[in-house]
1. Starting from residues that are modelled with pLDDT of 95 or more and over 24 Å from the mean Cα position of the chain (by Cα), keep the ones in segment 27-49 and report whichever is least open to solvent (accessible area, probe 1.4 Å).
2. With the requirement that a residue be in contact with a His (Cβ under 9 Å, 6 or more places away or on another chain) and either in a helix (DSSP H, G or I) or over 28 Å from E55 (Cα atoms) (or both), what does segment 280-303 give you?
3. Take the residues in segment 317-329 that are within 21 Å of the chain's Cα centre (by Cα) and aliphatic (A, V, I, L, M); name whichever of them is surrounded by the fewest Cβ atoms within 10 Å (Cβ to Cβ).
4. Just wondering, is there one or more residues in segment 265-274 that are buried (at least 23 other Cβ atoms within 10 Å of the Cβ), out of contact with any Pro (no Cβ under 6 Å at 6 or more places or on another chain), touching a residue at least 60 places away in the same chain (Cβ under 8 Å) and not in a helix (DSSP H, G or I)?
5. Exactly one condition in (1) under 21 Å from the mean Cα position of the chain (by Cα); (2) surrounded by fewer than 20 Cβ atoms within 10 Å (Cβ to Cβ); (3) among the hydrophobic types (A, V, I, L, M, F, W, C) is not met by A67; state its number.
6. Answer yes or no: is there a residue in segment 192-206 that is at pLDDT below 95 and either of a type in the set (S, T, Y) or in a strand (DSSP E or B) (or both).
7. Here is a list of conditions, (1) closer than 24 Å to S66 by Cβ; (2) within 22 Å of the chain's Cα centre (by Cα); (3) small (G, A, S); (4) modelled with pLDDT of 95 or more, and G271 meets all of them except one; can you say which number that is?
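The values are calculated or read from the model by the stated rules, or taken from the named source; none is laboratory data. All values reported here derive from a predicted model rather than from experimental measurement. Using ideal geometry, Cβ is built from the backbone for each residue, glycine included, and neighbour counts are taken over all protein chains shown. When the accessible area is computed, the model is the full protein with side chains, heavy atoms only, and any ligands, DNA or RNA have been set aside. Shrake-Rupley method; radii C 1.70, N 1.55, O 1.52, S 1.80 Å.
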Amino acid sequence: MSEEFYRIKRLPPYVFAEVNAMKAEARARGEDIIDLGMGNPDGMPAKHVIDKLCETAHDPTAHRYSASKGIKGLRLAQAKYYKRRFDVDLDPESEVIVTLGSKEGLANLAQAITAPGDVVLAPNPSYPIHTFGFIIAGAAIRSIPAAPGPDFFTRLEYAMSYTVPKPSVLVMGYPSNPTAYVADLDFYQKVVDFAREHKLWVISDLAYAEIYFGDTPTPSMLQIEGAKDCVVEFTSMSKTYSMPGWRMGFAVGNQKLIGALTRVKSYLDYGAFTPIQVAATAALNGPQDIIAENRALYRKRRDIMVESFGRAGWDIPPPEASMFAWAPIPEQFKHLGAMEFSKRLIAEAGVAVAPGPGFGDEGEGFVRLALVENEQRIRQAARNIKKFLGKG
């Protein structure tokens, strides 16, 4: 009875657990911890969205089981979003499914399409569910570069030529978490061509589609002709509409993958609470002001963080997109490693960050900073860090 369960044995200790425990203990002692660790948006949805939630919750029929694949109006609203934003046509019946956040959707798709021993290609570093969703499903992970540069395809070619069995799935996400890398349509064209040639399924995580800071909007891989032959794409309302706790996401694209996810989910859940789905429909179909407002908010926070941390002695490359900065550990602390540096930041500066190795072993030497505190708190974090760095 002492033997550990099969899937639990495949999961390493949670890298963030020690830092999270230190943060909780410090707060329990009454210490003020500025939390830049978790990517947990601090805003509220638009008023009309909350009003629609409340209105629908008063409907006596809205409290029954909902639809696992999502109510029809919400799937139609997501299809309309893709049309106006990316000029991509989607069939709301066969090419769109509502998920309980993109994280749940990714994990359930992994269960649907993966057999024990399958090989999956995933970026390193990357958002943990990109790897551990498949590890839990029994797959083996082969790392590919997180950056969308020339080395990306060199490593893909090598993986397809020398891995047994051949990889069956490629996972990727841009703008990326944690590195904030961005990709363009030329890159996506090469990915789709490669996937079709090698019979690879592609899972694209587009959770940060609307948080970009340049003049060019984030593209969708489904804009590439033929992408629907092999691509499914996940989006989330968490960051775009400030709805993280609502757990509203979508998968769209290839009908076979959407069908597999739909079938697995039909055994596992009855869908999100109907008033939440109705309110999400109102968010997608109604005024879109909040998207530009959130983008401007994160850009301002990014600029303040880069400027104030830089003056404090910690140079941070300004991210082009996402709600994160991927920051190299200051030179004088590199010998500590990311975990020890993160622990010392909490203990000595009152600032919590996410250590890079939590996103893969190639995250060593970096920490992720989330743009989830207001301007004053970011500047306070910079002042605390300046004192900390001054001590060496």
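1. H48
2. Within segment 280-303, A282, A283 qualify.
3. By that ranking, first place goes to A327.
4. Yes, there is a match, as at least one residue in segment 265-274 is buried (at least 23 other Cβ atoms within 10 Å of the Cβ), out of contact with any Pro (no Cβ under 6 Å at 6 or more places or on another chain), touching a residue at least 60 places away in the same chain (Cβ under 8 Å) and not in a helix (DSSP H, G or I).
5. It is condition (1) that A67 fails.
6. No, because not a single residue in segment 192-206 is at pLDDT below 95 and either of a type in the set (S, T, Y) or in a strand (DSSP E or B) (or both).
7. With (1) closer than 24 Å to S66 by Cβ; (2) within 22 Å of the chain's Cα centre (by Cα); (3) small (G, A, S); (4) modelled with pLDDT of 95 or more applied to G271, the lone miss is (4).
One line per residue, one yes/no per condition, for (1) of a type in the set (V, I, T); (2) touching a Gly at 6+ places or on another chain (Cβ under 8 Å); (3) at pLDDT below 95:
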residue	(1), (2), (3)
G313	no, yes, no
P317	no, no, no
E320	no, yes, no
A325	no, no, no
I329	yes, yes, no
L336	no, no, yes
K343	no, no, yes
Q380	no, no, no
I385	yes, yes, no
